[in-house]
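Working notes for the structure below.
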Amino acid sequence: MKSINCLKVLLVALFMSASALLVAQSPVAVRWEMGENGAEKGYYSSRFIFKNISAETLTDNWCFFFNQFSRPVKVQSGCPVNVEQINTTYYRVTPNSDYRALAPGDSMIVDMLMRGTYVNVCYSPMGGHFVTNDDAGHPIPVKIEYDELDDPKQWIARNDYPEGSVVYRFNETLKNGETPDHSYNIFPTPKNVKINQGFVRFGNIVSIKGGLLDFKLRDERKFLAQELKRRGIYISDGQHVLIRLKESKKLHSNPEYYELTVNDSVISIVGTSKNGVLNGVKTLLAAIDHSKNNCLENAVVKDYPDFHYRGMMLDIARNFTTFDNLKRFIDILAYYKLNIFQFHFTDDEAWRLEIPGLPELTNYASRRGCTLDERDFMAQIFDGTGNPDDLAQSANGYLTRTQFVDLLKYAHERGVKVIPEIETPGHARAAIMAMKARYNKYKDVDKMLAEQYRLWDDADESEYSSAQAYKDNVLDVSQDGVYNFLSKVIGEMQAMYKEAGLKLDVVHLGGDEVASGAWSKSPNIQSLMKRENLKNAHEVHEYYIRRMSDILYSKHILIQGWQEVGLNHTKVYDAQVAPRFAGVNAWSTIGSKISVPYELANAGYPTILSNVTNFYIDMAYSWHQYEKGLHWGGAVDEYASWSAQPLDIYRTARCDYNGNPIDLQRVAQGKIVLTKPENIIGIVGPLWTETIRNFNQVMSYTLPKVLGLAERAWTPAVEWNDNEVGDFERARAAYNAKIGLVELPVMQRKGWNFHLGQPGINVENGMLFANAQYAGEVVRYTLDGSEPTMTSPIWIAPVAVGKTTLVKAKAYYLGRESVTSYLWLK
């Protein structure tokens with residue numbers, strides 16, 4: 001075990017030159033180095049190196065703040081600084097009585113032990129800022145430098161760690177994948193495509209018939225015209241190419257069915273509804289994008305989705321996504337015929353939507369920065385510069401009322417329904433803190449205004465810690481202020497929807513992860529339990545959901561929630577409440593909770609599959625130390641989303657959390673049987689943003705993972721036979737070829753960022769072999785342990801490795817690059 005020590009040493013013996021680490025006006029340069037997992041039982045070791053790069057001696061009038069996933073920290077007795085956890089992911093380093101002044105050019109090492117396990121680069125400290133003379137109002141950003149992670153002791157040692165040879169074997173199974181070569185080979189795959197003789201060539205002007213005078217299809221015509229214009233194709237009467245739009249309810253029983261017919265110069269789109277016509281329009285646009293020189297083969301496409309609820313959830317509370325980027329996100333959803341956007345705009349960490357009459361929600365709770373008392377804004381969480389007004393950081397920002405109305409219109413034009421999610425009664429810290437700020441503003445002026453939206457119990461002494469280590473994030477559901485607050489928020493949102501020409505008919509209330517112990521020592525809750533004859537916290541939760549369902553039902557609004565809202569209730573409760581639900585996200589498909597979707601559906605709840613093992617977009621693509629994302633649900637890549645089997649939940653994951661293959665023939669034995677399959681209504685892939693810092697990351701987490709989700713939501717029936725050896729691998733190889741050869745080039749032309757899988761590398765008889773995920777990728781390698789770059793040699797044929805002990809390689813394709821593959825040789 002490495003010793004824990006803190007000592008002052010010269011820069012020459014420690015790390016790179018001051019000029020390379022100089023950041024803004026900070027008097028210190030900061031470097032963080034990972035030690036090893038298991039340095040002490042239950043802890044991993046790491047260290048900070050602070051170097052005084054100013055011209056002044058650094059006395060004890062300073063502190064350094066940083067963010068890191070919540071975990072206890074230990075330093076050795078006698079260390080000249082204290083490292084303390086201020087608030088969940090917010091930490092502070094301060095000099096103590098053993099500190100001695102740090103002269104210009106001198107450095108200090110702070111060795112630490114952190115509870116738990118270091119998994120990947122997302123677990124590194126970030127968000128550094130420096131404060132001198134207790135001037136927290138002017139924090140100085142500090143860019144933390146990092147040592148390279150190239151020692152297997154620095155991350156989790158797993159059998160499915162993607163070492164080069166492991167990836168090599170997997171990539172070999174992707175070889176020889178075949179995909180159709182025609183313009184209609186798109187995602188999601190149409191049910192039936194018949195290619196005929198002949199073709200139509202698009203010029204830069206076409207005509208559209210239908211929709212102009214037909215009020216019902218006016219929106220679809222407008223959308224088609226706008227999207228054609230984006231592609232350089234304009235609308236004018238009397239052109240050679242004519243596009244006809246028509247609605248025919250008798251065409252098919254499926255409300256989203258459409259037929260697209262391309263016949264020389266005439267293109268016909270007929271749908272059973274406006275949504276069906278819009279689906280046909282989207283297929284036409286995608287076919288143009290996938291065509292060669294805007295030349296479409298004559299064809300008849302007959303298509304429809306099996307699920308009418310297909311979407312993604314994006315969390316903009318933990319890290320903000322701007323209005324313009326939300327529109328780009330809507331574009332991605334619409335392009336792949338996903339029709340639901342679950343809009344997660346509030347959580348413990350922030351509130352991101354302007355609500356008229358409640359300015360504190362955004363003036364206070366959309367801002368995070370350097371603070372110990374959270375009087376004017378919330379403490380910095382996850383990352384930032386310490387400045388609550390720095391809108392260049394994803395820590396800060398919100399949507400204005402006008403922007404949200406425009407976003408609703410934008411989404412509706414593209415066939416995407418926005419369902420707002422107001423996290424309650426847990427995950428509500430941002431709302432609670434904002435309403436406390438409101439209380440403090442009015443308490444000495446107008447007591448009634450101050451108390452109007454009270455969400456907490458001052459006398460509550462409950463001790464609990466939420467999944468994200470919050471100890472004060474649960475609403476006091478006995479308070480009328482809670483229901484006043486939510487009625488106000490929902491009423492204002494109704495007005496926003498109305499202004500957008502829409503109706504707010506569904507509100508997602510969250511309902512998940514109320515920590516054990518919450519409410520246990522609240523006098524208000526104890527009084528409520530006595531008055532309502534409630535036996536435990538579960539029944540308090542039921543009371544809240546029932547009361548909110550009454551409020552929303554009176555407004556003709558149905559509710560949604562995460563799986564906790566529909567589990568472990570009496571049949572009487574389910575019979576009363578389930579009919580008021582529009583959907584329940586079932587996310588836990590690990591271990592003993594794999595049956596959760598069937599439990600919900602059988603109890604009468606419309607069930608939305610959000611399986612963590614398949615559809616959690618924020619899970620990392622692999623266990624690689626540089627693949628960003630979380631891992632509590634395992635690794636989730638584009639193959640996990642595609643290989644899901646929504647109609648057979650027990651066979652939807654092919655490996656367990658530890659990466660071990662699941663026996664698909666026996667996995668359902670002894671488990672709950674689905675008796676009400678009609679209650680499985682669709683799929684939503686959640687994208688939580690603890691590890692997201694910008695929209696490029698939103699896209700790379702989403703693409704190409706969302707392609708598998710779109711496939712399974714459109715056609716949940718599987719395309720392979722698990723009883724036939726090799727059938728699954730052949731189907732997967734074909735899916736992979738379609739992504740790499742067909743879809744990624746389209747994404748590149750659209751300017752969408754996407755993830756690229758790492759290359760495989762293997763050594764046989766002293767010779768280096770390499771392969772890649774997609775045909776056409778370039779693999780560059782090094783044999784001296786250095787990081788591959790664009791100037792490194794390209795692998796073309798087997799190369800002798802000589803006495804090399806570490807081979808590294810990267811893949812390059814369409815302007816993107818992968819993480820580095822490692823191969824350690826004995």
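The values are calculated or read from the model by the stated rules, or taken from the named source; none is laboratory data. Small disclaimer: the values here were computed from a predicted structure and weren't measured. Quick reminder, even Gly has a Cβ in these numbers, built from the backbone with ideal geometry, and neighbours come from all protein chains shown. Surface accessibility is based on the protein's heavy atoms, side chains included, excluding ligands, DNA and RNA. Shrake-Rupley method; radii C 1.70, N 1.55, O 1.52, S 1.80 Å.
Please compute, for the alpha-carbon atoms of region 425-580, the extent along each of the three principal axes and give them in descending order in Å.
41, 41, 32
Quick one: work out the % antiparallel among DSSP beta bridges in region 15-154, nearest 5.
Here the antiparallel bridges make up roughly 95 percent for region 15-154.
Per-residue HN-Hα couplings for region 161-173, Karplus 6.51 cos²θ - 1.76 cosθ + 1.60 at θ = phi - 60°, whole Hz, x for Gly and Pro?
Each residue of region 161-173 in turn: 4, x, 4, x, 6, 5, 5, 4, 4, 5, 4, 4, 6 Hz.
Counting only residues 5 or more places away or on other chains, whose amide H sits under 5 Å from the amide H of ASN82 once H atoms are built in the peptide plane?
THR94, ASN96
What percent antiparallel are the DSSP beta bridges of region 327-455, to the nearest 5?
Taking every DSSP beta bridge within region 327-455, about 10 percent pair in antiparallel fashion.
Output the direction-averaged projected area (hull surface divided by four) of the convex hull of the alpha-carbon atoms of region 186-327, in nm².
10.0 nm²
Only four residue types carry charge here, +1 at the Cβ of Lys and Arg and -1 at the Cβ of Asp and Glu. Report the dipole size of the chain about the Cα centre in Debye, rounded to the nearest 20.
Here the chain has a charge dipole of around 1880 debye.
Among 445-458, 744-757, 231-244, 627-640, how do they line up by average Cβ neighbours within 10 Å per residue, starting with the highest?
627-640, 744-757, 445-458, 231-244
Give me the percent of the accessible area of region 186-294 that comes from carbon and sulfur atoms, probe 1.4 Å, all protein chains in place.
Looking at region 186-294 in its full context, I get 49 percent from C and S.
Can you give me the relative contact order of the chain as a percent, contacts being Cα pairs under 8 Å and 6 or more apart?
Reported relative contact order: 11 percent.
Alpha carbon centre of region 301-328 versus region 53-90: separation in Å?
For region 301-328 versus region 53-90, the Cα centre distance is 40 Å.
Antiparallel as a % of all DSSP beta bridges within the chain, to the nearest 5?
In the chain, DSSP labels about 60 percent of beta bridges as antiparallel.
Based on Cβ point charges of +1 for Lys and Arg and -1 for Asp and Glu, what charge dipole magnitude is obtained for region 138-280 about its Cα centre, in debye rounded to the nearest 20?
So the dipole magnitude of region 138-280 works out to roughly 1140 debye.
Mind pulling up the Rg/Rh value for region 263-378? Radius of gyration and Kirkwood radius, both on Cα.
Using only Cα positions, Rg/Rh for region 263-378 is 1.20.
Would you please put 312-322, 789-799, 121-131 in order of how densely packed they are, using the mean number of other Cβ atoms within 10 angstrom per residue and starting with the highest?
Taking the mean over residues of other Cβ atoms within 10 Å, the ranking is 312-322, 121-131, 789-799.
Once amide H atoms are built 1.01 Å from N in the peptide plane, which residues 5 or more positions from GLY682, or in another chain, come under 5 Å H to H?
LEU609
With a 1.4 Å probe and every protein chain left in place, work out the accessible area per residue of region 127-272 in Å², rounded to a whole number.
55 Å²
Rounded to whole Å and sorted largest first, what semi-axes of the equivalent ellipsoid does the C-alpha gyration tensor of region 469-537 yield via the square root of 5 times each eigenvalue?
30, 14, 10
Under 16 Å from the Cα of LYS216, which aspartates and glutamates turn up, not counting those fewer than eight places away in the same chain?
Correct list for LYS216: GLU247, GLU256, GLU413.
So how compact is the chain: Cα radius of gyration and Dmax in angstrom?
28.3, 86
So for each of 501-509, 800-808, 680-688 I average, over its residues, the number of other beta carbons within 10 Å; can you give me the resulting order with the highest mean first?
Per-residue Cβ counts within 10 Å, averaged per peptide and sorted highest first, yield 680-688, 501-509, 800-808.
Measuring from centroid to centroid over Cα atoms, what is the spacing of region 184-235 and region 622-681 in Å?
37 Å
Tally Lys and Arg at +1 and Asp and Glu at -1 over the other residues with C-beta under 11 Å from the C-beta of ASP480: what net charge comes out?
Here the charged neighbours net out to 0.
Which part of region 348-363 falls in the paramagnetic zone of LEU449, meaning amide N under 15 Å from the point 7 Å along Cα-to-beta-carbon?
357-361
Can you give the Kirkwood hydrodynamic radius for region 335-484, in Å, rounded to one decimal and based on Cα pairs?
16.6 Å
Sort out for me the Cα centre separation of region 701-779 from region 398-464, rounded to whole Å.
Distance between centres, Cα-based: 42 Å.
Give the residue from PHE307, TYR543, TRP32 lying farthest towards the positive end of the charge dipole for the chain; charges sit on Cβ (+1 for Lys and Arg, -1 for Asp and Glu) and the dipole is referred to the Cα centre.
The residue sitting most towards the positive pole is PHE307.
Any chance you could run the full-extension gain for LYS327 through SER236? It's 0.36 nm times the residue separation minus the Cα-Cα distance, nm to one decimal.
Result: 30.0 nm gained on full extension.
Work out from phi, with θ = phi - 60° and the Karplus expression 6.51 cos²θ - 1.76 cosθ + 1.60, the ³J(HN,Hα) of each residue of region 339-344, listed in order in whole Hz, and give x for Gly and Pro.
With coefficients 6.51, -1.76 and 1.60, one gets 10, 10, 10, 7, 9, 8 Hz.
How big, on average over all directions, is the shadow cast by the Cα convex hull of region 598-695, in nm²?
For region 598-695, averaging the hull's shadow over all directions gives 7.3 nm².
Any chance you could tell me what percent of the C-alpha pair distances in region 756-801 go past 12 Å?
Here the long-distance tail beyond 12 Å is 62 percent of all Cα pairs in region 756-801.
Do the alpha carbons of any pairs in LYS229/LYS274; LYS593/LYS705; LYS302/LYS628; LYS209/LYS250; LYS222/LYS337; LYS628/LYS671 sit beyond 29 Å of each other, and which pairs?
LYS302/LYS628; LYS628/LYS671
Between ARG158 and LYS676, how high is the FRET efficiency from 1/(1 + (r/R0)^6) when r is the Cβ-Cβ distance and R₀ = 45 Å? Nearest 0.05.
So, using R0 = 45 Å, E works out to roughly 0.75.
Given H placed 1.01 Å from N in the peptide plane, which residues other than close sequence neighbours of LEU353 have an amide H under 5 Å from its amide H?
LEU399
What would the Debye formula give as log10 I(q)/I(0) at q = 0.21, 0.25, 0.30 Å⁻¹ for the alpha-carbon point model of region 411-460, no solvent?
These q points yield log10 I(q)/I(0) values of -0.77, -0.94, -1.12.
Could you list log10 I(q)/I(0) for region 713-826 at q = 0.11, 0.20 Å⁻¹, which the Debye formula gives when each Cα is one point scatterer?
The Debye formula, applied to the Cα set alone, gives -0.47, -1.04.
Direction-averaged shadow area of the convex hull around the Cα atoms of region 669-724, nm²?
6.6 nm²
For ALA103 and ASP722, calculate 0.36 nm times their separation in residues minus their Cα-Cα distance, and state this gained length in nm to one decimal.
Going from the current span to full extension adds 216.1 nm.
Along the charge dipole of region 623-687, which of VAL673, HIS631, GLY685 sits closest to the positive end, that is, farthest toward it, with unit charges on the beta carbon of Lys, Arg, Asp and Glu (+1, +1, -1, -1)?
Positive-end residue among those listed: VAL673.
Using the Karplus curve 6.51 cos²θ - 1.76 cosθ + 1.60 with θ = phi - 60°, work out ³J(HN,Hα) for each residue of region 697-705 in order, rounded to whole Hz, and write x for Gly and Pro.
Going residue by residue, I get 6, 3, 5, 5, 5, 7, 10, x, 3 Hz, with x marking Gly and Pro.
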